[in-house]
Amino acid sequence: AGLFVDWYAKLKEDPYFNAFTYGRKQFAEFLSQWLDARLPKGSEILDVGCGSGPTLRYLKERGYRPVGVEPAKAMRSAALAANPGVQVVDATADALPFENERFHAVFAIEVYRYLDEQDCRAGYEEAFRVLKPGGYFLFTLANRYALHGFPLFYHLKRLLNSALGREMHYDHFTTPGAIKRQLEEQFGGQIEEIETRGIALAFLYPLYKINRQLASRAARALEFLDKRMSRHAFFAPFAANLIVVARKKREEGNGPH
């Protein structure tokens, strides 16, 4: 929790500081544009796995009504301290303690990539349950073919740890096409539209591990290219971060929420 608090503080000081802050900068800019185009002020938004609470604070400052879900005690305490008056609930993605069709949007940022397939499906089910008709489900996943090579490195490391009898954290990888097919199969007629988008030039991530100063300069110089590429579907499977937005079907005769 302390590390996340520190990194988000660094994000304000220097968004090019490391791969984490650079990726979060790109996501924040996407989210700002997306919110302006999709959700009116005052909309109630659930942030699943809210961590130390930066997205809750961001949403509240922009005039939305955020609610957080966070099972880790230290993270939850940090989120509450940073967001007085905002509800942050001790719960998990697969068992959300809210009534049906309550929220205008559900966010899950860097959550499902650490869950196995069964828990992801349960999490998606819960998100759709608590969404209003016409509401948006926005979440991130890890690209199987991201150009930073992390999926390959992860699987090799996992094989080595398995051979040595060691356990390591779980990471789940997918593709834009695969997650679209999965959501369509799971929810069928409940989904009105699904969008996918890639953000953050993946090759910058290993460069940050090699030489942070060089990577920072490269990120500043190439950010314009990153933003241009992010507009195109071809870029999505190879980006460092994959964003998925699924809209729950509106009730017949109703306009957008």
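Could you look through segment 15-28, keep only residues that are more than 13 Å from Tyr205 (Cα to Cα) and without any contact (Cβ under 8 Å) to a residue 40 or more places away in the chain, and pick out the one that is nearest to the chain's Cα centre (by Cα)? That would be Ala28. Restricting segment 166-181 to residues that are modelled with pLDDT of 95 or more and charged (D, E, K, R) leaves a set whose member that is surrounded by the fewest Cβ atoms within 10 Å (Cβ to Cβ) is Arg181. Look at segment 29-58: where a residue is under 23 Å from Lys73 (Cβ atoms) and at pLDDT 95 or above and a partner is in a helix (DSSP H, G or I) and β-branched (Val, Ile, Thr), sitting 6+ places away or on another chain with Cβ atoms under 8 Å, you get Leu46/Val130; Asp47/Thr55; Ser52/Val5.
Determine, yes or no, whether Glu251 is part of a loop (DSSP other than H, G, I, E, B), in contact with a strand residue (DSSP E or B) (Cβ under 6 Å, 6 or more places away or on another chain) and not aliphatic (A, V, I, L, M).
Working: part of a loop (DSSP other than H, G, I, E, B): yes; in contact with a strand residue (DSSP E or B) (Cβ under 6 Å, 6 or more places away or on another chain): yes; not aliphatic (A, V, I, L, M): yes.
For Glu251, the condition - part of a loop (DSSP other than H, G, I, E, B), in contact with a strand residue (DSSP E or B) (Cβ under 6 Å, 6 or more places away or on another chain) and not aliphatic (A, V, I, L, M) - is met.
Of all the numbered requirements in (1) at pLDDT 95 or above; (2) out of contact with any Asp or Glu (no Cβ under 9 Å at 6 or more places or on another chain); (3) not aromatic (Phe, Trp, Tyr), Ala163 misses one, and that requirement is (1).
Of these, Ala233, Ala163, which one is open to solvent by 70 Å² or more (accessible area, probe 1.4 Å), over 21 Å from Ala28 (Cβ atoms), of a type in the set (Gly, Ala, Ser) and touching a strand residue (DSSP E or B) at 6+ places or on another chain (Cβ under 8 Å)? Write out each step before concluding.
Working: Ala163 fails: touching a strand residue (DSSP E or B) at 6+ places or on another chain (Cβ under 8 Å).
Going through Ala233, Ala163 in turn, the sole match is Ala233.
In the condition set (1) buried (at least 16 other Cβ atoms within 10 Å of the Cβ); (2) over 27 Å from Ala37 (Cα atoms); (3) over 16 Å from the mean Cα position of the chain (by Cα), Thr92 is compliant with all but (3).
Could you look through segment 57-71, keep only residues that are assigned to a helix (DSSP H, G or I) and charged (D, E, K, R), and pick out the one that is most open to solvent (accessible area, probe 1.4 Å)? First the steps, then the outcome.
Start the filter on segment 57-71 by keeping residues that are assigned to a helix (DSSP H, G or I), which leaves 57-61.
Applying the additional criterion that residues be charged (D, E, K, R) yields 57, 60-61.
On the way: Arg57: 64, Lys60: 99, Glu61: 139 Å².
Going through the qualifying residues, I end up with Glu61.
Among residues of segment 182-230 being of a type in the set (Asp, Glu), open to solvent by less than 80 Å² (accessible area, probe 1.4 Å) and assigned to a helix (DSSP H, G or I), the one that is nearest to Phe128 (Cα to Cα) is Asp226. Candidates Ala142, Ala105, Ala122, Ala74: the one that is in a strand (DSSP E or B), surrounded by fewer than 23 Cβ atoms within 10 Å (Cβ to Cβ), touching a residue at least 12 places away in the same chain (Cβ under 8 Å) and among the aliphatic types (A, V, I, L, M) is Ala142.
Among the residues of segment 27-53, which ones are part of a helix (DSSP H, G or I) and open to solvent by 10 Å² or more (accessible area, probe 1.4 Å)? Spell out the reasoning first.
Kept after step one, since they are part of a helix (DSSP H, G or I), are these residues of segment 27-53: 27-38.
Once the filter is applied, which keeps residues that are part of a helix (DSSP H, G or I) and open to solvent by 10 Å² or more (accessible area, probe 1.4 Å), segment 27-53 yields Phe27, Ala28, Glu29, Phe30, Ser32, Gln33, Trp34, Asp36, Ala37, Arg38.
Among residues of segment 225-246 that are without any contact (Cβ under 8 Å) to a residue 40 or more places away in the chain, those with a beta-carbon under 8 Å from a residue that is among the aromatic types (Phe, Trp, Tyr) and assigned to a helix (DSSP H, G or I) at least six positions away or on a different chain give the pairs Met229/Phe235.
The values are calculated or read from the model by the stated rules, or taken from the named source; none is laboratory data. Because the structure is a prediction, the values reported are computed rather than measured. Neighbour counts run over all protein chains shown; Cβ positions are idealised from the backbone, glycine included. Protein only, heavy atoms only, side chains kept; ligands, DNA and RNA dropped before computing areas. Shrake-Rupley method; radii C 1.70, N 1.55, O 1.52, S 1.80 Å.
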